[in-house]
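Q: So that we are looking at the same thing, I have put the structure below in structure tokens.
The values are calculated or read from the model by the stated rules, or taken from the named source; none is laboratory data. Remember, predicted model here, so these are calculated numbers, not experimental data. Please note: Cβ atoms are built from the backbone with ideal geometry, for glycine as well, and neighbour counts cover all protein chains shown. The accessibility values were calculated without ligands, DNA or RNA, using every heavy atom of the protein model including side chains. Shrake-Rupley method; radii C 1.70, N 1.55, O 1.52, S 1.80 Å.
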Amino acid sequence: LYVAHLVRAEKYQDARRLLSKLEALGSAEDPVDPEITFQYGFVLFQLEDYEEARKRFLTLSTKEENPGRFLYFAGQCEEALGRRE
């Protein structure tokens, strides 16, 4: 909930720091909630770190039943990376 507030306020660096800490808490036995991974990917996308965002979206697309949402965002990252070159 606090992350959503930071995103709405466009405080992406603060959200990135918090999500990074939350992601680091995950382990093989107790993985991070997929919504945290998605939010982290979204924040990275907003910060134009398209490669890292893409990795998170693709990871989610292989783990979730409905991968369309994640593949869409991964595609947006691919498009943004293509425009850079």
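Q: Need the list of lysines near Lys55 for cross-linking: C-alpha distance under 17 angstrom, and skip anything on the same chain fewer than eight residues off.
A: Cross-link targets: Lys63.
Q: Still on this model: Expressed as a whole number of Å, what is the distance separating the alpha-carbon centroids of segment 1-28 and segment 50-76?
A: Segment 50-76 and segment 1-28 have Cα centres separated by 18 Å.
Q: Give, as a single signed number, the net charge of other residues whose beta carbon lies under 11 Å from the beta carbon of Gln39, with Lys and Arg counted +1 and Asp and Glu -1.
A: -1
Q: What list of ³J(HN,Hα) couplings, whole Hz, do you get for segment 16-33 from phi and the Karplus terms 6.51, -1.76, 1.60, once you set θ to phi - 60° and write x for glycine and proline?
A: Couplings: 4, 4, 5, 5, 4, 5, 5, 5, 5, 6, x, 9, 4, 6, 9, x, 5, 4 Hz.
Q: Next question. Based on the mean of other beta carbon atoms within 10 Å per residue, what is the order of 13-19, 60-66, 77-83, most packed first?
A: Ranked by mean Cβ neighbours within 10 Å, highest first: 13-19, 77-83, 60-66.
Q: Here's another thing I want to ask about it. Given the DSSP H assignment, sum -39500 (n - 2.57) over each helix run of at least 4 residues in the chain and divide by its residue total; what's the result at 222 nm in deg cm²/dmol, nearest 500?
A: So the helix-based figure for the chain works out to -24000 deg cm²/dmol.
Q: Would you calculate the convex hull of the Cα atoms in the chain and tell me its volume per residue in Å³?
A: Roughly 98 Å³ of hull volume per residue.
Q: Over 16 Å, how big is the tail of the calculated P(r) for segment 37-85, in percent of all Cα pairs?
A: Looking at segment 37-85, the distances longer than 16 Å represent 27 percent of pairs.
Q: If we count every other residue with Cβ under 13 angstrom of Arg16's Cβ, Lys/Arg +1 and Asp/Glu -1, where does the sum land?
A: -2
Q: Which order do Lys55, Lys21 take when ranked by solvent-accessible area (1.4 Å probe, heavy atoms of all protein chains), largest first?
A: I get Lys21, Lys55, largest accessible area first.
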